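The values are calculated or read from the model by the stated rules, or taken from the named source; none is laboratory data. Being a predicted model, the structure only gives us computed values, none of them experimental. In this analysis, Cβ positions are derived from the backbone assuming ideal geometry, glycine residues included, and neighbour counts consider all displayed protein chains.
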Amino acid sequence: MLAAGQAHAAGIDLSKPYGDKYGCINRNGQQVAADKMLLLTDKELITAASACTFSDKQTQADGSLAVTAKCEAEGEEGQAPAKFIIKRSVKNAKKLIVADEDGNVMGEVARCK
């Protein structure tokens, strides 16, 4: 029984986009202006103020995903390195929590419909 539980926890599937309300609305381009927006795909993390392209994803022992990315912030030149942790929400297994490398939660996202 333990193996089945581990297999479920290990797979954070980003083949379909996840987002908050505005992230999902804007997943195909900027359709609605929003101060707070979070969109997560298998290749990038997009917020209202930045766009981060993933360069590496590693599944951790606890089933979370450690992501290394390069981010472009709105109004700034160049790209800055960043790290994120993506894990399942404890309250709702269908949602994912996105946090920065210090553990500060950026937001909670659900699979876009």
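Quick check on region 39-53: of everything there that is modelled with pLDDT of 95 or more and farther than 19 Å from R88 by Cα, which residue is surrounded by the fewest Cβ atoms within 10 Å (Cβ to Cβ)? Ranking the qualifying residues of region 39-53, first place goes to T53.
I'd like to check something: does region 76-87 contain any residue that is crowded, with 16+ Cβ neighbours inside 10 Å and in a loop (DSSP other than H, G, I, E, B)? No: zero hits.
Taking each residue of region 15-30 that is modelled with pLDDT of 95 or more and looking for partners that are in a helix (DSSP H, G or I) and surrounded by fewer than 17 Cβ atoms within 10 Å (Cβ to Cβ) with beta-carbon atoms closer than 9 Å, six or more apart or interchain, yields G19/I25. Summed over region 88-106, residues that are within 14 Å of V67 (Cα to Cα), surrounded by 11 or more Cβ atoms within 10 Å (Cβ to Cβ) and of a type in the set (G, A, S) total 1. Here L14 meets the list (1) of a type in the set (A, V, I, L, M, F, W, C); (2) in contact with a Leu (Cβ under 8 Å, 6 or more places away or on another chain); (3) assigned to a strand (DSSP E or B) almost entirely, failing just condition (3). Filtering region 28-43 for residues that are touching a strand residue (DSSP E or B) at 6+ places or on another chain (Cβ under 9 Å), hydroxyl-bearing (S, T, Y) and over 15 Å from C112 (Cα atoms) leaves an empty set.
Would you be able to say whether some residue in region 59-74 is surrounded by 15 or more Cβ atoms within 10 Å (Cβ to Cβ), at positive phi, out of contact with any strand residue (DSSP E or B) (no Cβ under 6 Å at 6 or more places or on another chain) and not in a strand (DSSP E or B)? Scanning region 59-74, I find at least one residue that is surrounded by 15 or more Cβ atoms within 10 Å (Cβ to Cβ), at positive phi, out of contact with any strand residue (DSSP E or B) (no Cβ under 6 Å at 6 or more places or on another chain) and not in a strand (DSSP E or B), so the answer is yes. Filtered by the rule that a residue be of a type in the set (D, E), assigned to a strand (DSSP E or B) and free of Cβ contacts under 8 Å to residues at least 40 places away in the same chain, region 88-113 gives a lone residue, D100. Can you tell me which condition R88 does not meet? The list is (1) within 16 Å of D13 (Cβ to Cβ); (2) out of contact with any helix residue (DSSP H, G or I) (no Cβ under 8 Å at 6 or more places or on another chain); (3) charged (D, E, K, R), and all the others hold. Result: R88 fails condition (2) only.
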